[in-house]
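The values are calculated or read from the model by the stated rules, or taken from the named source; none is laboratory data. Not measured: the values here are computed from a predicted model. Cβ placement follows ideal geometry from the backbone for every residue including glycine, while neighbour counts extend to all protein chains displayed.
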Amino acid sequence: MKKLSVSNLLGIKYLQLDDLHLIFETATHFKEVINRPIKKVPSLRDITIANLFFENSTRTKLSFELAEKRLSADVINFSANQSSVSKGESLVDTVNNILAMKVDMIVIRHPSPGASHFLSKKVDSCIINAGDGTHEHPSQALLDTYSLKEKLGNLQGKRIAIIGDILHSRVALSNIYALKILGAEVMLCAPKSLLPKNVDSLGVMSSLDLMEVLNWCDAVNILRVQNERMELNYFPSSREYSQNFGLNGALLKKLKKDIVILHPGPINRGVEITSDVADSDQAIILDQVENGVAIRMAIIYLLGSQLNTTKP
């Protein structure tokens, strides 16, 4: 059996091209499984997985939990605001107490960048990063690029735009890493205040002209404006943002081609994208959600199969 080059999924930057191909190949198999009348397989029936979410989440948490249950793993869910963390217990102590209950894998979302990497150095368990602050969101990037490959085929040389709140987005960074590994060209588009200062070091292009970017790209990933992460005003108003960087049907009609439209969700309809675009045939937003379960099944299965506790 082929194996990943890593024992944890901490970020896309730690993966190799062969890892992405293996994850995609495995996800395709599991996508067939979850479209059968009986959607479960006994692959990880001896594995116990703890989902530790220190930030609010709907899609990612549900997707991971469903993926785990489709693989027949035992699942426990942990919410920080109902735990001893709220009483001052450290992250490491919390996780070690959970692992003492014979838990094999940890899926963690945390508001601090690098939390999953820190944890991997402190505890003896397989760690899957479900989003760490404004740093990375590897499983989202994997499902995004998998969804793009379904639509566009080989991504080598394809032109992919990422538009929106790049500065506060962990999705953007992971997508940049994944797309570059797969050989795609990447262009960022956002107000100057929402572009990271190190954008040149990422090996991507950037533009402040939305129409220029739309004419250039084969596909566009629209990111939500993350108001909950903003301590300052990065643009005058939502209305002005929508006028300059929002994707709407009128803009698409000006293009002489069809482009593929992605959005990781949740959607602020009428701000970064209008309903007519989000619900159009060019949008693959619901495909992303479906693929998210298959991709996360693939990640969990491949990492779980490398654990000593997994039976053949």
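Some observations on this one:
- Residue list for segment 260-276, filter: of a type outside the set (Val, Ile, Thr), modelled with pLDDT under 95, surrounded by 15 or more Cβ atoms within 10 Å (Cβ to Cβ) and under 24 Å from LYS151 (Cα atoms): PRO264, GLY265, GLU272
- Extreme residue, farthest from the chain's Cα centre (by Cα), among residues of segment 187-201 that are outside any helix (DSSP H, G or I) and buried (at least 16 other Cβ atoms within 10 Å of the Cβ): PRO191
- Boolean, LYS102 is over 30 Å from ASP281 (Cα atoms) and surrounded by fewer than 22 Cβ atoms within 10 Å (Cβ to Cβ): yes
Condition check ((1) at pLDDT 95 or above; (2) among the aliphatic types (A, V, I, L, M); (3) assigned to a strand (DSSP E or B); (4) exposed (fewer than 15 other Cβ atoms within 10 Å of the Cβ)) across all residues:
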| position | (1), (2), (3), (4) |
| --- | --- |
| PHE78 | no, no, yes, no |
| ASN81 | no, no, no, yes |
| VAL85 | no, yes, no, no |
| GLU89 | no, no, no, yes |
| VAL95 | no, yes, no, no |
| ILE106 | yes, yes, yes, no |
| SER112 | no, no, no, yes |
| SER116 | yes, no, no, no |
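- Residues considered: PHE64, PHE54, PHE78. Of these, the only one that is within 25 Å of PHE118 (Cα to Cα) and touching a His at 6+ places or on another chain (Cβ under 7 Å) is PHE54.
- Residue count for segment 277-299, restricted to those that are buried (at least 20 other Cβ atoms within 10 Å of the Cβ) and either more than 18 Å from SER242 (Cβ to Cβ) or touching a residue at least 60 places away in the same chain (Cβ under 8 Å) (or both): 11
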